[in-house]
Structures are given as C-alpha cells and as structure tokens.
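All remarks here apply to the structure that follows.
The values are calculated or read from the model by the stated rules, or taken from the named source; none is laboratory data. For clarity, every value in this text was computed on a predicted model and none was experimentally measured. Virtual Cβ from ideal backbone geometry, glycine too; neighbours counted across all protein chains shown. We work out accessible area using only protein heavy atoms, side chains counted, and drop any ligands, DNA or RNA first. Shrake-Rupley method; radii C 1.70, N 1.55, O 1.52, S 1.80 Å.
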Amino acid sequence: MALSDEQRAGLIRAQLGALVRDLTGVDPEVVSVGVNAATSLDTTAYLFAPSADAATLAGAMLWAIRHDADDLVLLTDDLGGDVARMATSFTLPVAIRSVQGASSVGVEPAPHPEAVGPPGAAEAAGLIAQLVDAGLDVVVEDGIVRGEVSGLEVARLVVWPVESGGDGLLHLEAGVGRFDRDAVAAMHQGEPPTATLARSVSLVRSERVPGGSTHPLARLARERWLRSVVLADPALVGAAQLRPVQTTVSRDNVRDVSPAAALGVAIDGSPLLVVCSTGADLGFVPIAADTRSWLAPGARLVLAVPERDRLALLEHLADLLTEPADVVAVAAPWETTDLDDGPGGDPQGLGGPP
C-alpha cells in the first residue's frame, strides 16, 4: 500500500533523527522542510534529502543560515559527489554524507565532468552551413551540434549508428527534440533535410516571439531563450562578446529546465561567464559557480534572470559564493501578455534568508 505524504514525511524525519543520533549521540528535534527534513544542534545544521542536487544544496544552505548555523551537514541517499564539489564554491562549510544503512559516510567532491568536443570539423562543416543558411543559431554543447531558434532546438546533427542499420555518418535531423525528429522523419521520408528544416523553423519562429502566445513552443527552454538575447546583445550583461558553452549539468531533452551559460570577455577585457535562468530555480547558483570553476576559474560571474525572477534569495546565494556573483536583470522577450508561473516565492519550502 502506498504511503501518504504525511507518512512519508514522518519516515524521513525519523531517518534524519537516527542519522544525527549516530553522528552526535544526541536525539534531536526534527522538522519537515518541504519534502526533506532538517534539524539544528549547537551551530551545525543537518538536513536529509533522499536525493540531492544543486537545488537541494541551495535550499539547505539557506535553511542553515536562517537558523544561525555556522556549518551544514547534508545527508542523502545519493552518492553526492557532484553536490560535494558544488558546495566548495560557497563560504558556508558544507559536509556531504551518503547514507549507508543506519549510518553515513563522508563524500569527497567528484571531479568535474570530461569536456566533450564537437564532431570533426570536415564532417560537420557542410551540415553546419545548412543550419546557418536556415537562419539558426548554431550551439555546440556536450559534443552535440544544435540549431536553435530563440534558444529552442529545431535541428541537431546526429550520427546514424551502424549497429541499428545506419551508415555511421553525421546527418542533419529537424524537429524539436528527439521524439519530434523521429516523427518528422517518419512522416516526410525522402524529403530533403533543408525542406524539413525550413518547415520546423517557420513553425517555431511564428510562436517564439516577444509577448507571444502560451503555446508550448513559446514556453520551452526559456532560460536558453534568455541566453539567445544576451548572445545577440552582450552589453546587456556588461560583456563585449560571448559564445554559448555547456554547464557541468547535462541537459537530456528540450523539456529539461537547465541553466544556459555563455563565456566571453567583459567590456573592460576581463574574462566573464554569464549563466541564464528563469523562474525560481535557486539551484542554478551552485551550477553557475561550478561551471565557472570548471571553464573559467577566476572569471567574473553574472547570473542573468528576468526582472521578476530577481529574488532576494537569489541575491543572498550569490553573496554566499567564495567569489560572489552579480545578479543582472534582463528583459524577458516572452513577456507582455504571458501570465506565467510567477516569480517564485520559495519552491523548496526552505524559508528565506536571515
């Protein structure tokens, strides 16, 4: 029989109580914090999250500071290595511990991911030229070449693997995401890729306009839409030039909300990393700082968000970084009539800054 939310919360509180008792010998008073549980002993905050990611880390740090803690112990059923690495970017000392039965073990920071280069230049050049000719922004991330309209992928260069009947060569596939590419290919067999691409571009461009519709095509990948605005006008974030780059968190499909980064130089010639996000995604601060330490250590970091998403909690997290970041508001190209998700409040249920 499935557990109710109240029963599940009670189990998580009990588990944290047992884990803290194992660490300290003290039986703590534990409270529910969103879907997680937390407690504070002396000057240390303890938070248990069955699964841990950048958003969990951000919320746990805010909870700890709100409760006047000098350090944080984040316990999780996950391995936690990536979160442990992200935590090193902040001034608040954070220990990540992986739960092992009724006890826990400390987790060392995992190394940064291996950078994946783009496909061979000679092999891809002609296909990339087709993307450019179609008026698309060419973006290379995680070794994948995409063609985007206002930040939304409408085409991708894909190798057709021999083991599944392909020729092992790189091909241009049109469509918004893998399932759409497969559907387009099935419905328009034999059609030149340029014709298929032109139809996809036209459809997406008609919906992805300033103050436009609430159509799904206008709502997907808005953080990347914001990045496309910044790439077109780098001065909006104090940059002289920018190019898109990947972050340390891979994006699996077009529906995933994931920070979008751009690397370049500021107007004064210094290195600059800009990371864009929308909504109340506080987890993008650890990801942005982690990406800086990976791609451009020491660079100035700018967190770009729409004006209504410039939350006090976001500013507070930016100030907690060992190398603080600047939060910059950029006009959202989709706003005017769109009544979207709202600026966010407190999605983790973890409370505000002190």
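Quick one: dipole size for segment 221-292, taken about the Cα centre, charges +1 on Lys/Arg Cβ and -1 on Asp/Glu Cβ, in debye to the nearest 20.
Dipole about the Cα centre, nearest 20: 140 debye.
Please give the FRET efficiency for Arg21 paired with Glu307, using the beta carbon to beta carbon distance and R0 = 41 Å, rounded to the nearest 0.05.
Once the sixth-power term is evaluated, E becomes 0.35.
Please report, to one decimal in angstroms, the Kirkwood hydrodynamic radius of segment 116-242 built from all distinct Cα-Cα pairs.
15.5
Only Cα pairs within less than 10 Å get springs; with that Gaussian network setup on the chain, which residue of Ala280, Ala37, Ala122 has the largest fluctuation?
So, out of Ala280, Ala37, Ala122, the one fluctuating most is Ala122.
Give me the angle, in degrees from 0 to 90, between the Cα long axis of helix 222-232 and the longest principal axis of the Cα atoms of the chain, rounded to the nearest 10.
The answer is roughly 60 degrees.
Counting trypsin sites (Lys or Arg not before Pro) as exposed when in a DSSP loop with at most 16 other beta carbons within 10 Å, what is the longest stretch of the chain free of them?
Between exposed loop sites, the widest span is 1-254.
Could you state the number of Å between the C-alpha centres of segment 64-99 and segment 300-334?
Centre-to-centre (Cα) distance: 22 Å.
Which of Ser104, Leu226, Gln15 sits closest to the plus end of the dipole of the chain, meaning its Cα is farthest towards the positive end, when Lys and Arg get +1 and Asp and Glu get -1 on the C-beta?
Leu226
Antiparallel as a % of all DSSP beta bridges within the chain, to the nearest 5?
Of all bridge pairs located within the chain, approximately 65 percent are antiparallel.
When DSSP beta bridges are limited to those with both residues in segment 252-341, what percentage is antiparallel, rounded to the nearest 5?
The antiparallel fraction comes to roughly 40 percent.
What is the calculated FRET efficiency for Arg243 to Leu170, with r their C-beta to C-beta distance and R₀ = 25 Å, to the nearest 0.05?
0.70
Mind checking which of Val139, Val176, Val158 has the largest fluctuation in a GNM of the chain, springs on alpha carbons under 10 Å?
Val158
Using a Förster distance of 22 angstrom, determine the FRET efficiency expected from the C-beta separation of Asp5 and Asp77, and round it to 0.05.
Calculated value: 0.75.
Express the carbon and sulfur contribution to the solvent-accessible surface of the chain as a percent, rounded to the nearest whole number, probe 1.4 angstrom.
The C+S portion of the solvent-accessible surface of the chain is 54 percent.
Would you mind computing, in nm to one decimal, how far apart the modelled labels at Arg178 and Gln100 are, each placed 7 Å from Cα along Cα→Cβ?
Those two pseudo-labels are separated by 3.4 nm.
Might you tell me the accessible area per residue for the chain, computed with a 1.4 Å probe and given in Å²?
Normalised by residue count, the accessible surface of the chain is 45 Å².
When the distances between all Cα atoms of the chain are binned every 20 Å from zero, what whole-number percent does each bin get?
28, 51, 21, 1
For the chain, what is the charge dipole size about the Cα centre, in debye to the nearest 20, if Lys and Arg each add +1 at the Cβ and Asp and Glu each add -1 at the Cβ?
In debye, rounded to 20, the chain gives about 460.
Looking only at GluC sites (Glu not before Pro) in DSSP loops with at most 13 other Cβ atoms within 10 Å, what is the longest site-free stretch of the chain?
By the stated rule (loop sites, at most 13 other Cβ atoms within 10 Å), 115-354.
Using a/c under 1.5 as the rounded threshold, could you call segment 1-67 rounded, prolate or oblate? The axes a ≥ b ≥ c are square roots of the C-alpha gyration tensor eigenvalues, and prolate needs a/b larger than b/c, oblate otherwise.
Taking the square roots of the gyration eigenvalues as a ≥ b ≥ c, segment 1-67 is oblate.
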